[in-house]
Amino acid sequence: MAQLLDPLLMVALALNFFVLGASRIRAVINAVALQGVVFAVLPWIIHQGVTVRTGVFVLGAVALKGFVIPGLLFRALREVNIQREVKPIVGFIPSLLLGAVGTALSVVFAYPLPLVTEHASSLLIPASLSTVLTGFLILTTRQKAIMQVLGYLLLENGVFTFGLLLLEAMPFLVEIGVLLDLFTGVFVMGIIIHHINREFDSESTEYLAELKD
């Protein structure tokens, strides 16, 4: 199983670049969902002799990241009737270049960290840092609220992956707390999407600047 770790992480990194370069929101939702599933199954690969608690946590993460939250986003997408991110604050090509630079810096930064041998020789830390950066880029450079939710999901995927280093020492309540924070964040953003669309007949967050006290 351990030999599957780096190929899966490379798939996750490739999905980061796909998200940065894609304009179709439905395709981005599918990519983020697939990445969420990839990261969710990593505990079974990284840690030997996983417990029932870990198995339940992994299944819950797969269900939430891969099916429940994408399903909610597809429903929101149908309600607001949009298909593409047309005018991002930072264009798609510059976003890809920033993602490439960020990925390279993630590899450089991860190299001197004091990690155990099996983690130091894998792409786990670079993939997690690169995913956090990708999520931050999407969150701050896209104008559609759904795309910003997807940026939040990517950022959480990166934090989730970094936390796998401490999975065996992480209490059960903290594990569930990670998923609850994710679900709560998406739920709140769903409410924001609904109210923006109802008020302005659009789903772009640029209209929030028009709100007055």
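Values quoted throughout were computed directly from the atomic coordinates according to the rules given, and no laboratory measurement underlies them. Source: prediction; values computed, not measured. With ideal geometry, Cβ positions are generated from the backbone for all residues, glycine too; neighbour counts draw on all protein chains shown.
Tabulated data for the structure shown
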| item | result |
| --- | --- |
| Dipole of the stretch 1-155, positive end: most advanced residue of Gln143, Leu154, Val52 [Cβ charges, Cα centre] | Gln143 |
| In order through the stretch 32-42: 3J(HN,Hα) via Karplus (6.51 cos²θ - 1.76 cosθ + 1.60), integer Hz, x for Gly, Pro | 5, 5, 5, 5, x, 5, 4, 5, 5, 8, 4 |
| Local electrostatic count at Val28 - Lys and Arg +1, Asp and Glu -1, tallied over other residues with Cβ under 13 Å | +4 |
| FRET efficiency, 1/(1 + (r/R0)^6) with R0 22 Å, evaluated for Ala14 and Trp44 via beta carbons | 0.55 |
| Sites Gln3 and Asn81 - FRET efficiency at Förster radius 45 Å, r taken between beta-carbons, to 0.05 | 0.50 |
